[in-house]
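> Please read through the structure below; I'll follow up with questions.
We did not get these values from a lab; they are worked out from the coordinates using the rules stated. All values derive from a computational prediction rather than experimental measurement. Glycine gets a Cβ as well: all are built from the backbone with ideal geometry, and neighbour counts include every protein chain shown.
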Amino acid sequence: MIAWSFKYPKRVITYPKWLTHSLAAIITAFIGLNIMFPPPLEAVQHNSAVVTDRDGHWLTGFTVDDGIWRIPAKLEEIDPRFVNALIAVEDKRFYSHSGVDVPAIGRAIRSWRRAGKPVSGASTLTMQLVRQYEPRERVLKSKIIESFKALQLELFMSKDEILESYLTRVSYGGNLEGVTAASLAYFGKPPHFLTDAEIALLIALPQAPDSRRPDLKPEMATKGRDYILEKLVERNALDLRRAAEAKDVVVSSKRHNIPEMAWITAYGLAAGGQRVRTTIDHHMQEKLESQTADFVTPLNEQVNTAVTIVDNRTMEVRAHIASADRNRPGGWIDMTNRARSPGSTLKPFIYALAIDDGFASAGSFVKDAPTRFGSYQPENFNRRYYGDVRIYEALRHSLNVPAVAMLDYVGGQRFEMALEEAGTDITHLSGGGEGAGLALALGGAGLSVNDLAVLYAALANGGTAKPLIWTDEVAEPSIFQLVSENAASEITQILRQAPTPSGRVPAWLAQNAPPIAYKTGTSYGFRDAWAAGYTDDWTVIVWVGRPDGAPRTGETGRLAAAPLLFDIFAQLPFKGQSEPYLKDERAPDGLSHVADATSQGPQILFPPDGAEILASSFGDEARGFSLSARAEQGKPNFYIDGQPLKRENGKAIWYPQTTGFYKVSAVDVMGRESVSHVQVLSPDQLANTTF
């Protein structure tokens, strides 16, 4: 076999030395020019910070250092008809040239030679963007530099990025830059959907931003708009009929304020030049701002309020009022993260830990009497004592001495450490640095609105504490089991049966209303009024007071904060997944019933819930009270603290045996129950009985 092999001569391609030297010189010159005159990429990032809600809807934005609104533009958030019209008028070969439109330059030179002066420009949108970053005198040298810079930008940025940067930086007169700021200021809306007249005006304004400002010179703005409409017709971007209709629209001279929703909240979350997506719900925030503004309007001008609303299932903050009115003294302070005395709002957690430790159960008795704990002797709010009371009575009526006694069992330092492990930031108001001790039960340490939101959401979540979530960028949350699920459930049932504020209907009488577990608190000297509440879905914390900490005599949490809490819950969406309203599970003989909130059970006419009843005598000489209730069928049976009440001559007569708190229950023939929690007083207790 013969093997054949062929060898082809190597072909060496050579170029003239002048060509290789020229290419090397051009490349070296280009690199050198890029080093000496770098592209203005850093300026691209110097924009207004923008804060949006959870769905990307505008909440608020902030000016850059020089007081200019420069809101970053996103093409997907701008009406595409505007973008197409802009390119048709300003730079029809935008997507095909490399920053410099050579045919347009040739056309401009020819027209210049014919007329003897510049007639038409040849600036591309990229070159105009360069001019926005680095303004220069309008001479030939500047055009050359702008052309070079435009070529640079085209190398480092995509077409869409260039277009977005242009729509961010282009001037619209005054302190407005960018199409978003202009649309918000001149039309009162983002540029998502624009009319033909609005599109033409937004294209016309940058051509002469100060002389065509609609808020100052509406006639000039109208002429500029109409000129652009004619241009759009000429370039087949708009038909004659629509252009004529757009010309009939009157240019408004009104300038709208840039929307500022959740401004203080957004300021704390904003990042310079960046877009921050929060967990706030735009509609809930808008409603809450209106509610709180109406709430503080009739109050003393020194008083303000702060509110945090949390979605229990995700721990995301859905609405937030750092200050209801920024025009009031201290109104620029975020009062939701300032440490204030929480009053009695920590008592539920003391009892929950005591239940977990086996010291007590919800139905256990605890003594309410003058007691000294070392050198500390607490007093009840009304300076009256009620002897042996059950835990649920002590908590429901916010008695101080039983709470301190339970904290003494639990341990003040341990309780404080548990709160800190849950994620709260406790401030020692006394400044001693050794903890608040037993005074912690009555508000002896500082906590913020947001701290209480974490704690009360933990009760709603079976005792599990998690941090609040504010933005869509969040690390893996830390989780701490503050109390057991059983203790959280017992405390929840107690707080759900607390007397509602005056004029508010209890959940078990309202239709399709979730049960609200809530606790109020009043700090020493009436400086802070609190209301903290939760359902299965939401946790709401309300603070009312003066930011300077001055006292407001007589303004308790129940009077000053609880009404707003219930009004807020009335406006929150009910997801329909809450457990039914459970009546007191401690009643013996199977008296515990589940009454659906939508059922029409018996209605107690006397005594009403939260009533205080004066008994002139007790024992054999006791004067009886006739109980009455309305029911669909037959007469309901009455129970006092779970014990059946016998009827006398067909009437339910109750003879209280001592002063104190009682639960009066009415149960109809279908087993449906309603409850009134009442307090029996003796004549010497008649004065000053309000807690």
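> Which shape class applies to segment 603-685: rounded if a/c is under 1.5, otherwise prolate when a/b exceeds b/c and oblate if not, where a ≥ b ≥ c are the square roots of the Cα gyration tensor eigenvalues?
prolate
> OK, next. With θ taken as phi - 60° and the coefficients 6.51, -1.76 and 1.60, list the Karplus ³J(HN,Hα) couplings across segment 412-420 in order, rounded to whole Hz; mark glycine and proline as x.
Whole-Hz 3J(HN,Hα) from phi for segment 412-420: x, 5, 5, 4, 5, 5, 5, 5, 5.
> Moving to a separate point now. Quick check: residue separation of residue 383 and residue 413 times 0.36 nm, minus the Cα distance between them. What number comes out in nm?
Length gained between residue 383 and residue 413: 8.1 nm.
> Is the C-alpha gyration tensor of segment 347-571 telling us rounded, prolate or oblate? Criteria: a/c under 1.5 is rounded; beyond that, a/b larger than b/c is prolate, otherwise oblate.
rounded
> Another one. Name the long-range amide H neighbours of residue 325: under 5 Å, sequence gap of 5 or more, or other chain; modelled H, no Pro or chain starts.
The list, which skips near neighbours in sequence, is 305.
> Compute the Kirkwood hydrodynamic radius of segment 169-313, taking the inverse of the mean of 1/r over all pairs of distinct Cα atoms, and give it in Å to one decimal.
18.1
> Assign one of three labels to segment 143-244, namely rounded, prolate or oblate, based on the Cα gyration tensor with a ≥ b ≥ c the square roots of its eigenvalues; rounded applies when a/c is under 1.5, prolate when it is not and a/b is larger than b/c, and oblate otherwise.
The shape class here is prolate.
> While we're on this one: Among 166, 534, 409, 133, which comes first, second and so on when ranked by fewest other beta-carbon atoms within 10 Å?
The order, fewest Cβ neighbours first, is 409, 133, 166, 534.
> So, one more: Fewest to most neighbouring Cβ within 10 Å: what's the order for 680, 454?
So the ranking, lowest neighbour count to highest, is 680, 454.
> Let me ask you something else. Report the gain in length on full extension from residue 161 to residue 286: 0.36 nm times residue separation, minus Cα-Cα distance, nm rounded to one decimal.
Gain in length upon complete extension: 41.7 nm.
> State which entries of 575/635; 74/223; 367/519; 74/575; 189/287 exceed 25 angstrom in Cα-Cα distance in the structure shown.
Beyond 25 Å between Cα atoms: 575/635; 74/223; 74/575.
> Oh, and also: Find the centroid of the Cα atoms in segment 59-97 and in segment 185-211, then give the distance between the two in whole Å.
Between the Cα centres of segment 59-97 and segment 185-211 lies a distance of 11 Å.
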